[in-house]
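Notes for the one structure printed next.
The values are calculated or read from the model by the stated rules, or taken from the named source; none is laboratory data. On a predicted model such as this, the values are computed, not experimentally measured, just so you know. Note that each Cβ is placed from the backbone with ideal geometry, even for glycine, and that neighbours are counted across all protein chains shown.
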Amino acid sequence: MSVFINKNGLTVGNSSRDLFEEVMRGTGFVMGRNSSLYIENAGLHDKLIVVTRGADSRSPLRTEKFPANQFQKAVDLFTCWCAEG
């Protein structure tokens, strides 16, 4: 099981709901093992969920962006990358 922390270094739960609450209503940023999940303004009213995986010997730096209404897809990718890390 992965341990996630927010921008302030506090532990965040690992359920989709916990991650949603932290990203959308909390600090807007969650870090896991070699990956991060955060919110980014795409315009005046639009927001993107960004999932980033750090580079290592097996893979390059990678970033995926999702519209806010596809939050679950972003969480699935984030947890997958954290499990690989």
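Counting just the residues of the range 60-85 that are in contact with a strand residue (DSSP E or B) (Cβ under 6 Å, 6 or more places away or on another chain) and in contact (Cβ under 8 Å) with a residue 24 or more places away in the chain, which one comes out farthest from Gly13 (Cα to Cα)?
Lys65
Tell me which of these Ala68 doesn't satisfy, since it passes every other one: (1) surrounded by 15 or more Cβ atoms within 10 Å (Cβ to Cβ); (2) at pLDDT 95 or above.
Here Ala68 meets the rest and fails (2).
Every residue, every condition in (1) at pLDDT below 95; (2) of a type in the set (Gly, Ala, Ser); (3) within 12 Å of the chain's Cα centre (by Cα), yes or no:
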residue: Ser2; (1), (2), (3): yes, yes, no
residue: Met24; (1), (2), (3): yes, no, yes
residue: Ala42; (1), (2), (3): yes, yes, no
residue: Arg58; (1), (2), (3): yes, no, no
residue: Ala74; (1), (2), (3): no, yes, yes
residue: Cys82; (1), (2), (3): yes, no, yes
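Being farther than 17 Å from Val51 by Cα and either hydrophobic (A, V, I, L, M, F, W, C) or modelled with pLDDT of 95 or more (or both) is the filter here; which residues of the range 10-22 pass it?
Leu10, Thr11
Being touching a helix residue (DSSP H, G or I) at 6+ places or on another chain (Cβ under 6 Å) and either among the small types (Gly, Ala, Ser) or without any contact (Cβ under 8 Å) to a residue 12 or more places away in the chain (or both) narrows it down to one residue among Ser57, Ser16; which is it?
Exactly one of Ser57, Ser16 is touching a helix residue (DSSP H, G or I) at 6+ places or on another chain (Cβ under 6 Å) and either among the small types (Gly, Ala, Ser) or without any contact (Cβ under 8 Å) to a residue 12 or more places away in the chain (or both), namely Ser16.
Kindly provide the set of residues from the range 29-62 that are buried (at least 17 other Cβ atoms within 10 Å of the Cβ) and either assigned to a loop (DSSP other than H, G, I, E, B) or of a type in the set (S, T, N, Q) (or both), ordered by number.
Within the range 29-62, Ser35, Ser36, Thr52 meet the criteria.
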